[in-house]
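Values quoted throughout were computed directly from the atomic coordinates according to the rules given, and no laboratory measurement underlies them. Here the structure is a predicted model, which is why all the values come from computation and not from measurement. All Cβ positions, even for glycine, are placed from backbone atoms using ideal geometry, and neighbour counts span all protein chains on display.
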Amino acid sequence: MMVTDPAFNGSIPAVLRDYKSNDKLGALIVHRVTVGSGGLQIRMRGQGVLETFSKCLGRPGEHVKGIVRPEFARVGGNAHMFS
């Protein structure tokens, strides 16, 4: 997951902090976005992966990812299915 909102300084825990105090929230669902090199041929030495691969390929689609509180979920038939 990549956090692009500057208010959160790239931090997933910073995003989740707002939701942590809500004891009725069982999951946070985010749109999946595929990123790529944007045509970059060579990565600069010392440049991180997230700094390098930052160009989105298209718009967010219907595919989503979830961050789930285990106490609110039961694992289904596999790791991609919760109930």
Any residue in the range 63-74 that is on the phi < 0 side of the Ramachandran plot sitting within a Cβ distance under 6 Å of a residue that is of a type in the set (A, V, I, L, M)? List the pairs, counting only those 6 or more apart or interchain.
Val64/Ile29; Lys65/Val30; Gly66/Ala27; Gly66/Ile29; Ile67/Leu28; Val68/Ala27
Restricting attention to the range 1-29, and to residues there that are in contact with a helix residue (DSSP H, G or I) (Cβ under 9 Å, 6 or more places away or on another chain) and assigned to a strand (DSSP E or B), which single residue is farthest from Glu71 (Cα to Cα)?
Leu28
Output the number of residues of the range 4-49 satisfying the condition of being within 23 Å of Gly61 (Cβ to Cβ) and basic (Lys, Arg).
1
